[in-house]
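S.K.: Quick one: this structure, given as structure tokens, is what I'll be asking you about.
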Amino acid sequence: MKNEHGVTMIELLIAIALLSIGLLALFTLQSTAIQGNRDSKEATTAVFLAEKKIEELKNIPFINLTLGTTTDSSNPMTGSGTPGGIYNRSWSVQSYSGSANMKQITVTVSWTQSGQNHSMVLDTLVSK
């Protein structure tokens, strides 16, 4: 029996197959991470737009807050609130059922990404 050194063809094919499976899993993981980061960025932007509108409305004197629902004139808007993006923002000001001296503000920011509809809703109360 001869003492042979080296790698046989079958060992080489098995090694290549295992390496390919590992790389494929790595690429899939990377793709999922990129998608998750994009989704998080969009949700963070939606919260920013909603908080910005809530702060604007809270700075209006209580007596001047008009009851009803309003759609932003900049829709669809970018993350900075300028026209031309993917976000749609609307808000409502309602009488608060617990007190005549309070109003409830609800801001909704919605967007569509990759064929899926998403929305972020923030509520706050303001008083006299």
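S.K.: Quick one: net charge of Val107's neighbours, Cβ under 12 Å, K/R +1, D/E -1?
M.R.: Details: positive: Lys52, Lys53, Lys58, Arg89; negative: Glu51, Glu55, Glu56, Asp72, Asp123.
Taking every other residue near Val107 into account, the sum is -1.
S.K.: What's the angle, to the nearest 10 degrees (0 to 90), between helix 9-58's Cα axis and the longest principal axis of the chain?
M.R.: 10 degrees
S.K.: If each of Met102 and Thr71 carries a label point 7 Å out from its Cα toward its Cβ, how far apart are those two points in nm?
M.R.: Distance between label points: 3.1 nm.
S.K.: Using the Cβ atoms and a cut-off under 15 Å, what net charge is assigned to the surroundings of Thr45, where Lys and Arg are +1 and Asp and Glu are -1? Don't skip to the answer; put the middle values down first.
M.R.: On the way: positive: Arg38, Lys41, Lys52, Lys53, Arg89; negative: Asp39, Glu42, Glu51, Asp72.
My count for the surroundings of Thr45 gives +1.
S.K.: From the residues Ser114, Pro83, Ile34, which one has its Cα farthest along the dipole of the chain in the positive direction, the dipole being from +1 and -1 charges on Cβ of Lys/Arg and Asp/Glu about the Cα centre?
M.R.: Result: Pro83, furthest along the dipole toward the positive end.
S.K.: Same structure again: Considering only the other residues whose Cβ falls under 12 Å of the Cβ of Asn59, what net charge follows from Lys and Arg at +1 and Asp and Glu at -1?
M.R.: My count for the surroundings of Asn59 gives +1.
S.K.: For every helix of n ≥ 4 consecutive DSSP H residues, a contribution of -39,500 (n - 2.57) applies; sum these over the chain, divide by its total residues, and give [θ] at 222 nm rounded to the nearest 500 deg cm²/dmol.
M.R.: Working: 1 runs with 50 residues, N = 128.
Mean residue ellipticity, 222 nm, calculated: -14500 deg cm²/dmol.
S.K.: Compute the FRET efficiency between Asn59 and Val121 as 1/(1 + (r/R0)^6), taking r as their Cβ-Cβ distance and R0 = 22 Å, and round to the nearest 0.05. Please list the in-between numbers first.
M.R.: Values: r = 21 Å, r/R0 = 0.94.
With R0 = 22 Å, the Cβ-Cβ based efficiency is 0.60.
S.K.: Then there's this: Out of every Cα-Cα pair in the chain, what percent are more than 25 Å apart? It would help to have the intermediate numbers written out before the result.
M.R.: Numbers: 4096 of 8128 pairs.
Of all Cα-Cα distances in the chain, 50 percent exceed 25 Å.
S.K.: State the number of lysine pairs found in the chain whose Cα atoms come within less than 27 Å, restricting to pairs 8 or more positions apart or on distinct chains.
M.R.: Within the chain, the lysine pair count is 10.
S.K.: I need Val109, Val7, Val47 ordered by Cβ neighbour count within 10 Å, fewest first.
M.R.: Least to most surrounded, the residues fall as Val7, Val47, Val109.
S.K.: What residue among Ala43, Ala25, Ala15 shows peak mean-square fluctuation when the chain is described by a Gaussian network model with Cα springs under 10 Å?
M.R.: Judging by the Gaussian network model, the answer is Ala15.
S.K.: Along Cα→Cβ, 7 Å out, is where each label goes; now give me the distance between the ones at Leu18 and Glu51 in nm to one decimal.
M.R.: Simple spin-label model gives 4.9 nm for this pair.
S.K.: Right, here's the next one. Within 10 Å of each residue's Cβ, count the other Cβ atoms and sort Arg38, Arg89 from fewest upward. Intermediate results must be reported in sequence, preceding the final value.
M.R.: Working: Arg38 12, Arg89 24.
If I rank by nearby Cβ atoms, fewest first, I get Arg38, Arg89.
S.K.: Moving on. Over the chain, what is the relative contact order in whole percent, taking alpha-carbon pairs under 8 Å and six or more residues apart?
M.R.: Values: 163 pairs, mean separation 24.3, N = 128.
About 19 percent, as a whole number.
Values quoted throughout were computed directly from the atomic coordinates according to the rules given, and no laboratory measurement underlies them. Worth saying up front: this structure is predicted, and the values here are computed from it rather than measured. With ideal geometry, Cβ positions are generated from the backbone for all residues, glycine too; neighbour counts draw on all protein chains shown.
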